[in-house]
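As structure tokens, the structure follows; a few thoughts come after it.
What follows draws every value from the coordinates through simple rules; no lab data is involved. This is a predicted model, so every value here is computed, not measured. Note that each Cβ is placed from the backbone with ideal geometry, even for glycine, and that neighbours are counted across all protein chains shown.
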Amino acid sequence: MGVKKTKTDRREFLEKLAIIAGGVIAVSIVKPFGSILFAAVKRPETGPWYGMGINISKCIGCGNCVKACKSENDIPNEPFFFRTWVEQYTIKNDETVVVESPNGGMDGFSQSVPDEEIFRSFFVPKLCNQCAHSPCVQVCPVGATFESPEGVVLVDSKYCLGCRYCIQACPYGTRFINPVTNVVDKCTLCYHRIMNGQSTACALVCPTGARIFGDINDEEGELHAFLKENITHVLKAHLNTGSKVYYKDLSPNVH
Amino acid sequence: MENHFEHLYEVLSKVDGYIYPNEIELHWSILIVLYPYITGLVAGAFILASLERVFNVKVLKPTYHLSLIAALAFLLTATLPLIFHLTQPQRFFEIMITPNPTSAMAIFGFVYMWYLMVVLLLEIWFDYRKDFVLWARESKGIKKWIYTILTLGVTDISPKALKWDEKIGYFVTVIGIPSAFLLHGYVGFIFGSIKANPWWSSVMMPVIFLFSAMVSGIALVLFLYMIVSFIRKIPSDMKCLDTIGQYLFYILILDFTLEALDQIHRFYEAEESFATLQMLMSGKLYITLFIIQILIGTVIPLIALGLFQFYKPAEKIRRITYFIISIVVLVGIFFMRWNVVIGGQLFSKSFYGFTNFKLILAGQEGLFVSLMLLALPFAIFAFLLWLLPPWKKHDIIEVSDD
């Protein structure tokens with residue numbers, strides 16, 4: 001009896017062991033495939049969740065934000081490196097669209113289209129959209145680009161390889177190689193300022209209040225109110241990047 | 001840095017319409033054209049070798065070892081364009097030690113290592129083990145040492161041991177076929193999964209890359225076989241050439257069909273980016289896409305190869321035609337990669353304009369570096385042929401048609 005019992009025990013034990021081992025192997029094979037769900041999974045939002053609201057009707061194209069950004073963040077002055085820039089859209093009577101951004105709009109704008117041909121014209125400030133499921137974070141091969149707990153997309157310049165896959169993956173053209181550091185660079189939403197309770201440089205200098213920086217989760221905050229009172233859109237919504245830059249009065253011509 | 005700015009100012013002066021200011025610099029240059037090109041040649045050459053072994057296509061025997069050695073020579077250089085194009089090349093190893101699992105690019109290191117260590121080197125080693133032992137006995141001096149080391153101390157060449165070599169080699173080849181598919185299908189995924197870029201973002205991309213890889217690999221083997229035979233002053237085997245030509249014909253049809261399907265789908269749906277892509281194809285990509293890739297690299301070879309399926313002219317004419325076809329197909333596939341990589345960066349993601357690509361000569365991403373990287377696998381191939389000459393293998397009987 002005793003011997004028989006031991007055998008059954010052993011068999012049961014081996015069966016359990018096999019199930020556990022099989023389970024571990026199966027999970028370890030299947031688990032990596034979870035990474036294909038990057039863009040499909042919504043991240044839990046706790047604590048501050050920073051973003052920006054942009055009131056297109058208020059932007060006068062003065063370029064102060066572009067200048068402030070370059071000086072605050074030590075971005076080279078050449079017209080190929082911008083953490084933020086302003087675009088001038090001119091919709092002509094024949095429905096064609098002219099878009100211009102000389103030197104990123106840093107020195108202001110002049111209108112190249114004769115007045116009588118203009119149907120409508122407006123300015124659109126652009127910056128990193130601080131996406132909640134950023135394509136750039138998704139593709140970075142070494143995790144040098146990452147999302148901070150506050151929802152800001154940052155780059156670890158000491159870890160970036162400079163492969164530029166993130167530049168290809170960003171639908172908004174907000175990334176570039178900084179010729180000084182020789183790694184990828186982008187808007188940090190002035191992380192060094194906002195974590196000290198200040199606003200971003202661009203929002204601070206905007207003379208008309210067209211840029212509203214804030215914490216989306218702060219129900220008393222300015223950005224929360226802006227989103228509540230206005231109908232806003234994000235750029236390239238069909239790409240499902242989880243953009244956190246919200247535009248009021250966004251025209252469908254703006255990409 | 002001054003030169004870099006000068007280059008960018010020149011490009012800025014040639015911008016058409018509006019592009020985002022950060023888009024003036026075209027980030028993936030000729031080196032990233034070379035990367036899928038070289039990887040594709042590896043996968044294609046290996047698949048051709050596997051056909052001979054797994055499906056026992058005897059007539060391809062003369063090219064079996066050439067294909068494997070060519071695959072190894074190109075695989076050894078496949079990572080170089082990638083590393084050279086990094087702005088911080090000294091950090092490349094990070095991709096192996098801290099890979100980001102959601103990045104398609106991060107997985108490349110592992111796919112590459114799998115393919116090199118588990119598939120290609122193992123298959124070649126098991127295939128050559130007996131010869132290493134025999135060559136170590138026959139050779140003198142340094143060669144003797146090299147072959148002795150290459151045996152890794154396994155010197156048993158009894159019929160039983162050799163049978164095991166054969167079995168394991170066969171098993172590795174069977175694993176190798178899906179691995180080759182993975183290697184290049186995966187390279188296609190690197191581009192196909194970029195939803196920000198409508199020229200790349202296509203579920204067809206991995207499949208198209210795979211078939212174009214097979215086309216280029218077959219053309220490469222055809223080219224190398226004829227060159228090696230010429231240098232060895234032996235006639236290349238006509239039946240073998242005809243069979244490779246036949247395979248090339250079928251795979252080329254598949255490849256062309258898939259690419260056409262992708263474009264037809266794009267035209268039929270005509271999404272938001274359509275007008276821009278149409279202008280791209282009829283403008284900046286006209287010569288490299290319609291003339292080089294489609295007409296010279298695909299249609300003309302298809303007509304010639306198609307004709308040979310029904311009417312076979314004299315051997316001499318066929319030989320010359322195969323040789324020319326192998327070159328134009330290789331050029332055509334190079335420009336297919338060019339049209340994908342460079343073409344995908346010529347238009348702005350704002351869909352309001354185009355930038356310009358100017359190939360620089362010197363420098364890290366210049367033409368000279370690229371030519372060097374393209375010549376390197378041929379040099380490695382020559383070296384490997386000297387070290388592992390298939391025609392001196394002990395079980396090979398020369399096949400020739402005279």
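Data table
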quantity: Three principal axis lengths of segment A:64-154 [C-alpha, angstrom, descending]; calculated: 52, 28, 22
quantity: Gaussian network model of chain B, springs between alpha carbon atoms under 10 Å - residue of B:N339, B:N22, B:N197 with greatest fluctuation; calculated: B:N22
quantity: Approximate shape of chain A as ellipsoid semi-axes (Cα gyration tensor, √5λ), whole Å, largest first; calculated: 48, 20, 18
quantity: All Cα pairs of segment B:134-253, percent lying beyond 23 Å; calculated: 61 percent
quantity: Share of pairwise Cα separations in segment B:70-150, more than 18 Å, in percent; calculated: 58 percent
quantity: Per-residue mean of C-beta atoms belonging to partner chains within 10 Å, peptide B:86-95; calculated: 6
quantity: Test item: A:153-164 mean partner chain Cβ contacts at 10 Å; calculated: 5
quantity: ³J(HN,Hα) computed for each position of segment B:381-388 - Karplus, 6.51 cos²θ - 1.76 cosθ + 1.60, integer Hz, glycine/proline x; calculated: 4, 4, 5, 5, 5, 5, 6, 10
quantity: On Cα atoms only, tilt of B:315-341 relative to the major axis of chain B in degrees; calculated: 40 degrees
quantity: Calculated from backbone phi, Karplus (6.51, -1.76, 1.60) coupling profile of segment A:208-224 in Hz, x at Gly/Pro; calculated: 10, x, 6, 10, 10, 8, x, 9, 4, 7, 7, 5, 8, x, 5, 5, 4
quantity: Cα principal axis extents for segment B:1-88, largest first, Å; calculated: 59, 29, 16
quantity: Long-range HN-HN contacts of A:Y246 with modeled amide H, under 5 Å; calculated: A:M52, A:G53, A:I54
quantity: Average beta-carbon neighbours from other chains, 10 Å sphere, peptide B:22-30; calculated: 6
quantity: Reach of B:K284 by Cα under 23 Å, taken over lysines that are not fewer than 8 positions away in the same chain; calculated: B:K14, B:K195, B:K349, B:K358
quantity: Which listed pairs, of B:K160/B:K393; A:K92/A:K244; B:K163/B:K393, have C-alpha distances above 27 Å, in listed order; calculated: A:K92/A:K244
quantity: Amide H partners (placed H, <5 Å) of A:F176, local residues excluded; calculated: A:D185
quantity: Amide hydrogen neighbours beyond the local backbone of A:G143, cut-off 5 Å, H modeled; calculated: B:N100
quantity: Segment B:195-339: proportion of alpha-carbon pairs further apart than 17 angstrom, %; calculated: 62 percent
quantity: Set of aspartates and glutamates with alpha-carbon distance to B:K392 below 15 Å, sequence-local pairs under 8 removed; calculated: B:D127, B:D131, B:E138
quantity: DSSP loop trypsin sites (Lys or Arg not before Pro) with at most 16 other Cβ within 10 Å excluded, longest remaining stretch of chain A; calculated: A:43-157
quantity: Signed unit charges on C-beta, dipole axis of segment B:304-402, positive-most listed residue B:S350, B:A362, B:V340; calculated: B:S350
quantity: Fluctuation leader among B:Y112, B:Y311, B:Y247 - chain B, Gaussian network, Cα springs under 10 angstrom; calculated: B:Y311
quantity: Under 19 Å from B:K239, Cα to Cα: aspartates and glutamates that are on another chain or at least 8 residues apart; calculated: B:E52, B:E315, B:E398, B:D401, B:D402
quantity: Isolated Cys residues of the protein assembly as shown, judged by Cβ distance under 4.7 Å to other cysteines; calculated: A:C59, A:C62, A:C69, A:C131, A:C140, A:C160, A:C163, A:C170, A:C190, A:C206, B:C240
quantity: Residue exposure sequence - A:F146, A:F109 - by fewest surrounding Cβ within 10 Å; calculated: A:F146, A:F109
quantity: Helix B:2-12 vs. chain B, principal-axis angle (Cα, 0 to 90°, nearest 10); calculated: 60 degrees
quantity: log10 of Debye I(q)/I(0), alpha-carbon scatterers only, for segment A:1-142 at 0.11, 0.18, 0.19 Å⁻¹; calculated: -0.68, -1.10, -1.15
quantity: Rg to Rh quotient for segment B:281-379, alpha carbon positions, Kirkwood Rh; calculated: 1.10
quantity: Rg followed by Dmax, in Å, when chain B is reduced to its Cα trace; calculated: 22.6, 72
quantity: Hz values of 3J(HN,Hα) by residue in segment B:24-29 - Karplus curve (6.51, -1.76, 1.60), Gly and Pro given as x; calculated: 5, 7, 8, 7, 9, 9
quantity: Mean separation of Cα contacts under 8 Å (6+ apart) over length of segment A:102-244, as relative contact order %; calculated: 20 percent
quantity: Total charge dipole magnitude, segment B:216-305, about the Cα centre, Cβ charges on Lys, Arg, Asp, Glu only, Debye to nearest 20; calculated: 560 debye
quantity: Relative contact order (%) - chain B, alpha-carbon pairs under 8 angstrom, separation at least six; calculated: 29 percent
quantity: Cα Rg, Dmax (largest Cα-Cα span) when computed across the protein assembly as shown, Å; calculated: 29.2, 104
quantity: With Cα atoms, 0 to 90° folded angle of helix B:159-192 axis to chain B main axis; calculated: 0 degrees
quantity: Ranking of B:V119, B:V329 by count of other Cβ atoms within 10 Å, fewest first; calculated: B:V119, B:V329
quantity: Charge dipole (debye, nearest 20) of the protein assembly as shown; +1 at Cβ of Lys and Arg, -1 at Cβ of Asp and Glu; calculated: 2840 debye
quantity: Relative contact order computed over segment B:132-222 (Cα-Cα under 8 Å; 6+ residues apart), in percent; calculated: 17 percent
quantity: Neighbour-count order for B:H27, A:H192, fewest beta carbons within 10 angstrom listed first; calculated: A:H192, B:H27
